[in-house]
Each structure stands twice: as structure tokens, then as C-alpha cells.
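The values are calculated or read from the model by the stated rules, or taken from the named source; none is laboratory data. Keep in mind that this is a model prediction, so the values were computed, not measured. For neighbour counting, all protein chains shown are included, and Cβ atoms are generated from backbone atoms with ideal geometry for every residue, glycine included.
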Amino acid sequence: MARIIGIGAGAVGLGTAMLLARDGHDVVVLERDAPPPSASADEAWTTWQRRSVNQFRLPHFLLARTRKILDTELPDVARAVEDEGGLRMNPLLQIPEEIRGSERPGDGEFECLTARRPVFESAFARVAEGTDGLDVRRGAAVESLVVDTAAARPTVIGVRTAEGDELRGDLVVDLGGRRSAMPKLLADAGLPTPVEELDDSGFMYFGRHFVSSDGSVPFALGPGIMHLGTITSLTLPADNGTWGLVIVTNAKDRALLGLRDPDRWETVFKSLPLVAHWLDGTPLEDGVVTISKIEDRIRTYVVDGAPVATGVVAVGDAGACSNPSQGRGVSIGMLHGTVLRDTLRSAGLDDKDEFALAFHEATESTVRPWFEWTRSGDRHRLAEVDAMIDGKPYKPDDPAFEMERALGAAATLDPGCLRAGISATLVLTPLDESLRDAGLRARALELGASWRDQPVLAPSRDELVAMATA
Ligand SMILES: Cc1cc2nc3c(=O)[nH]c(=O)nc-3n(C[C@H](O)[C@H](O)[C@H](O)COP(=O)(O)OP(=O)(O)OC[C@H]3O[C@@H](n4cnc5c(N)ncnc54)[C@H](O)[C@@H]3O)c2cc1C
């Protein structure tokens, strides 16, 4: 079994490290930030500072793929999230039976297990602390790499921390999140850097958390993510009777920057008939928490059939990160963690080139399709918002876009279309896989053909701008 060094103890980092340690590897994870408080979910929420994770205070929702991986691979982590008050809910079964049809075998797959970010991450951290074969060292920032330049191909064989410690291992796993400095660390060590595909996804987030007085969460009258004209609403149930609400805008849409103000934010949220009732709770923050510059990025460590360096791989956001409003980050990252665990099982590390190629191929076939789907959706959504602001119709020449929007509209009329849409949304079954069913495709196109004519239940653009600037 291998000695593995992980850089970063975020949610995916810890999840991956636990998967590897439980497979018999000797795993050390180095994390720059402070540990979680040792007490309750409440304390994690109020006191834990995570300076290196910009989105730490923003609403998160964990999709069914994460729940499925936790239930099957890390059941004690699932229990720990629930012990902290985490919420198990099945978004499909919450939809009235007249729309979703009667329950079908397999509908249980859609169950999600979710909590606020500090709450679920502290639950992950607590289980990681007690995991045999896993040593999480906090307050340890990796500053440089140890490299074997005498090898046939430059190979990373360890790391050095800011505190001057040197650790050596068979594999270094970059778990450093969307701001990982790995390309710079490789360049500083004189090694080639991974190829990076970067889109400034250009969304801006304006979020707040709420809590109810009786531990309940509001009833959903629509999907957790809804495009409502030039804004998108997110309504995300969480632990202990809390939930997160977000308004997502195109970051270039300066007319809506006023949403930073809590009164304006509330006025706009109240004007959205399908989600206004989610305001019926006590805010957990005084202000609106914002984030922008959240790009889509994927890094490839194999170029023209050869690894750029061996002994190092990237998992989670450090490897691929996409538009967070879809809530896919932890799910895709945990999926990637299982891919790493399985590649170590099948290819081993005796031949590092062979391992690098095998992990690359598995990443391309498992992770990339989810990333590509998200990136394509982001590009369309940004262009659609731009067109709406300019008062023009958005009609790209892209059959996949038309099909996806038609399927969305058909979902309220056809239980099969509904399940195909939700299954992809929850990172369970890719949409193109479901759409291989010719009958489903035909129903989606027929029932959803008039998706452009559906009313948008939101204020007009002029009304929205007036509320955001008043
Ligand atoms: C606004 C926003 C909302 C989101 N909402 C959702 C959601 O609803 N659902 C969802 O599934 N995903 C969501 N995501 C994505 C999710 O947050 C990420 O996918 C997830 O955090 C990735 O986990 P990770 O462990 O790969 O990286 P991170 O959580 O970013 O952790 C990386 C860790 O590496 C550490 N680190 C970095 N460099 C070093 C170094 N040199 N030395 C030591 N430590 C280092 C950092 O301190 C950090 O702790 C959202 C993202 C954003 C931006």
C-alpha cells in the first residue's frame, strides 16, 4: 500500500483521504487553515474561520450523488452529518403525486443529505480525525514540492511546508480547491504545468441563511434552482431548521450590484412569487454574503498522451471546478475521489507513468462529462442573460440546449421526463444517457416544444433594476 500526501482538507479533500485510508493506504493531509471547533454544529457555524475557502459562508446543498457515495462508502460520515442535524430529503418525492406519478422502484436514489457548509465539513472532519491510517495536520501550508529530477520523467516525491517540514510519499494529491497553487508549485520546481481550460463563468452570488422557530424548512413550490429572467433563485434546505437563499446574477450586470444591500435583496426576493415564502424565518447573518470570480476550470495532467509530471494528481475543485449554482462541486469531487481510489486499486503505483495515464483516462470518462455539461450550461445561461438585458431573444444553434430546455418544460407533464431531469441535476445519470431513450426524447420535444412561451414568474427587467437600485 502507498504513502499518500494530500494537500488540503476541504470536504472533498477529507472525503477522498478517508476513502484512501480505508483502502489501506497511509495518508497524511496538510491543511493551511485552523481546525473546526470541537463542539456542536452551532459552534462550527458561528466560530469556524476558513480563510482559504471563499465560499465557506455561502449556502451549499449536497446532491444525491454525495449522499449515495457517503451511504455506500463512508456511512459513518453520513451518520455524523445527520447527528449534526443534517437533513435527509428526497426532492422528487416532495413533488405532488399528480405531477411525479406514483412512486417507482429506484426513486429512493434521489434522496439527498445536506447541511450548511461549516456543519457538514465539521462532521467530515470529526470522522476523519478518528480514521485509522489518516493523519490530518492543520495549520500546515505546503509551499514547495520535492522532485526527483533524475527519474526518466520528472516525478514529485514529496512536499515542504512553510514551517520547514519535509514529507515524502509515493503520491501527492492536490486537494487544494479552486484556488490551488499547484501549477505555480510545479513551475517553481522547474516542472511542466498542467494544461488549464478556464472560463470566467461570470456569475455573482448574493446569499443569506435563515432559521425557522420550529425546526421546519419551507415547502418548495418549484426546483431549488430557478432561472427567473435575468436572475436565478436558489432555495436550499439545510440542517437544524435552517436554509440558504441566493440570488445569482451575471457578474457583468452592474445594475444589480445593489443586491448587496439586505433591504434591496429582500425586496427582490419578495417579488418572486414561487420563492418569496422562503423569507419566512430569522436571518442568520446581518448582511448579504457575496462572491464573484467563480470560474469554470479543468486541469489536465496528461498532454499528447504523456503525463506532464508523475507522482502528482489533482482531485476535487483543484482538478475541475464549475458553476456553483448547480451545487455539483462536492458530488463531482467525491466521484473523483472514488475514481482515484479505484485507479490505485487497478493500476497501482509501481509504474508511475501507467498510473498517471490510467487516472487521466478514468477522469476523462467519469468526471469530464459532468464538467462539460455544466460548462456548456453556464455558457448558455450567461449568453441568455446578456441577450435578455439587450432585449433580444436567445436562440443559439444548439440542439442540446433546445432539448434540455424542452425536457425541463416537459417535466411537469411527464413523470419520465421529470425523473431524467432530476437524475442529471442530482449528478446521478448523465442527461445524454437518459436521452438515448428515443421515446423519452420524443415526449420531451413534443410536450416541451413551447418552453419559450412559458410565463416567467418574476418582475420585468425594469422592475428588477428599480428594486435593486432604490
Ligand atoms: C459560492 C459557492 C457555492 C457552492 N455551493 C455548492 C453546493 O451547493 N453544493 C456543492 O456540492 N458544491 C458547492 N460549491 C462547490 C464546493 O464548495 C466545492 O466543490 C468544494 O468545496 C470542493 O472541495 P475541495 O476539498 O476540493 O476544495 P476546498 O473545499 O476549496 O478545500 C481546499 C482546501 O485546501 C487547502 N489548501 C489549499 N492550498 C493549500 C496549501 N498550499 N497548503 C495547505 N492547504 C492548502 C485550503 O485551505 C482548503 O481548506 C460551491 C462553491 C462556491 C464557490
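Do we have any residue at all in the range 264-282 that's in a loop (DSSP other than H, G, I, E, B) and over 18 Å from THR230 (Cβ atoms)? Yes, the range 264-282 contains at least one residue that is in a loop (DSSP other than H, G, I, E, B) and over 18 Å from THR230 (Cβ atoms).
Within the range 199-247, restricting attention to residues that are charged (D, E, K, R) and within 15 Å of the ligand (Cβ to nearest atom), which residue is farthest from GLN454 (Cα to Cα)?
At the first step, the residues of the range 199-247 found to be charged (D, E, K, R) are 199-200, 208, 214, 239.
Okay, now just the ones that are also within 15 Å of the ligand (Cβ to nearest atom), so 199-200, 208, 239.
Working: ASP199: 30, ASP200: 30, ARG208: 29, ASP239: 34 Å.
Of everything passing the filter in the range 199-247, ASP239 is farthest from GLN454 (Cα to Cα).
A Cβ distance below 6 Å, combined with a sequence gap of six or more or placement on separate chains, defines the contacts here; from the range 166-184, residues that are under 20 Å from ILE332 (Cβ atoms) reach residues that are away from the ligand (no atom under 11 Å from the Cβ) and not hydroxyl-bearing (Ser, Thr, Tyr) in the pairs VAL173/VAL313.
Identify, from the list ALA358, ALA347, ALA318, the residue that is surrounded by 24 or more Cβ atoms within 10 Å (Cβ to Cβ), at pLDDT 95 or above and within 24 Å of PRO154 (Cβ to Cβ).
Values: ALA358 fails: surrounded by 24 or more Cβ atoms within 10 Å (Cβ to Cβ); ALA347 fails: surrounded by 24 or more Cβ atoms within 10 Å (Cβ to Cβ).
Checking each option against the conditions leaves just ALA318.
Among the helices (runs of 4 or more DSSP H) lying completely within the range 385-445, list those that include at least 2 residues that are touching a Phe, Trp or Tyr at 6+ places or on another chain (Cβ under 7 Å) and either among the aromatic types (Phe, Trp, Tyr) or more than 23 Å from SER365 (Cβ to Cβ) (or both).
On the way: elements: 399-410, 415-425, 431-434.
Qualifying helices (runs of 4 or more DSSP H): 399-410.
Out of ALA17, ALA21, I need the residue that is modelled with pLDDT of 95 or more, part of a helix (DSSP H, G or I), farther than 30 Å from GLY287 by Cβ and within 15 Å of the ligand (Cβ to nearest atom). Which one? Going through ALA17, ALA21 in turn, just one is modelled with pLDDT of 95 or more, part of a helix (DSSP H, G or I), farther than 30 Å from GLY287 by Cβ and within 15 Å of the ligand (Cβ to nearest atom): ALA17. Of all residues in the range 283-305, those satisfying the criterion of being in a strand (DSSP E or B) and either more than 16 Å from the ligand (Cβ to nearest atom) or within 30 Å of GLY158 (Cβ to Cβ) (or both) are PRO283, ARG297, ILE298, ARG299, THR300, VAL302, VAL303.
Of the residues VAL312, VAL303, VAL268, which single one is surrounded by fewer than 18 Cβ atoms within 10 Å (Cβ to Cβ), over 29 Å from ALA41 (Cα atoms) and not acidic (Asp, Glu)?
That would be VAL303, the only listed residue that is surrounded by fewer than 18 Cβ atoms within 10 Å (Cβ to Cβ), over 29 Å from ALA41 (Cα atoms) and not acidic (Asp, Glu).
Going residue by residue through the range 9-31, is there one that turns out to be surrounded by fewer than 18 Cβ atoms within 10 Å (Cβ to Cβ), within 27 Å of PRO183 (Cα to Cα) and either in contact with a strand residue (DSSP E or B) (Cβ under 9 Å, 6 or more places away or on another chain) or not assigned by TED's automatic domain parsing to the domain that holds ARG260 (or both)? Among the residues of the range 9-31, at least one is surrounded by fewer than 18 Cβ atoms within 10 Å (Cβ to Cβ), within 27 Å of PRO183 (Cα to Cα) and either in contact with a strand residue (DSSP E or B) (Cβ under 9 Å, 6 or more places away or on another chain) or not assigned by TED's automatic domain parsing to the domain that holds ARG260 (or both), which makes the answer yes. Here LYS352 meets each of (1) on the phi > 0 side of the Ramachandran plot; (2) out of contact with any helix residue (DSSP H, G or I) (no Cβ under 7 Å at 6 or more places or on another chain) with one exception, condition (1).
Scanning the range 68-107 for residues that are of a type outside the set (Asp, Glu), surrounded by 13 or more Cβ atoms within 10 Å (Cβ to Cβ) and closer than 21 Å to PRO430 by Cα yields LYS68, ILE69, LEU70, ASN90, PRO91, LEU92, LEU93, ARG100.
For the condition out of contact with any His (no Cβ under 9 Å at 6 or more places or on another chain), assigned by TED's automatic domain parsing to the domain that holds THR72 and surrounded by fewer than 21 Cβ atoms within 10 Å (Cβ to Cβ), what is the one hit in SER376, SER365?
Details: SER376 fails: assigned by TED's automatic domain parsing to the domain that holds THR72.
Result: SER365 is the single residue among SER376, SER365 that is out of contact with any His (no Cβ under 9 Å at 6 or more places or on another chain), assigned by TED's automatic domain parsing to the domain that holds THR72 and surrounded by fewer than 21 Cβ atoms within 10 Å (Cβ to Cβ).
Looking only at the range 228-251, residues that are modelled with pLDDT under 95 and closer than 18 Å to LEU113 by Cα come to 0 in all. Hey, any hits in the range 194-205 for a residue that's of a type outside the set (S, T, N, Q), crowded, with 19+ Cβ neighbours inside 10 Å and in contact with a Leu (Cβ under 7 Å, 6 or more places away or on another chain)? Yes, the conditions are met somewhere in the range 194-205.
Taken over the range 124-145, the criterion of being assigned to a helix (DSSP H, G or I) and more than 14 Å from the ligand (Cβ to nearest atom) is satisfied by ARG126, VAL127, GLU129. All conditions in (1) modelled with pLDDT of 95 or more; (2) within 13 Å of the ligand (Cβ to nearest atom); (3) of a type outside the set (D, E, K, R) hold for GLN49, with the sole exception of (1). Candidates are the residues of the range 306-328 that are among the small types (Gly, Ala, Ser), part of a loop (DSSP other than H, G, I, E, B) and more than 25 Å from GLY169 (Cβ to Cβ); the one that is nearest to the ligand (Cβ to nearest atom) is GLY327.
Yes or no, residue by residue, for (1) without any contact (Cβ under 8 Å) to a residue 40 or more places away in the chain; (2) away from the ligand (no atom under 16 Å from the Cβ):
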{"site": "LEU63", "(1), (2)": "no, no"}
{"site": "THR66", "(1), (2)": "no, no"}
{"site": "ILE69", "(1), (2)": "no, no"}
{"site": "LEU74", "(1), (2)": "no, no"}
{"site": "VAL77", "(1), (2)": "no, no"}
{"site": "ALA80", "(1), (2)": "no, yes"}
{"site": "GLU84", "(1), (2)": "no, yes"}
{"site": "LEU92", "(1), (2)": "no, yes"}
{"site": "GLU97", "(1), (2)": "yes, yes"}
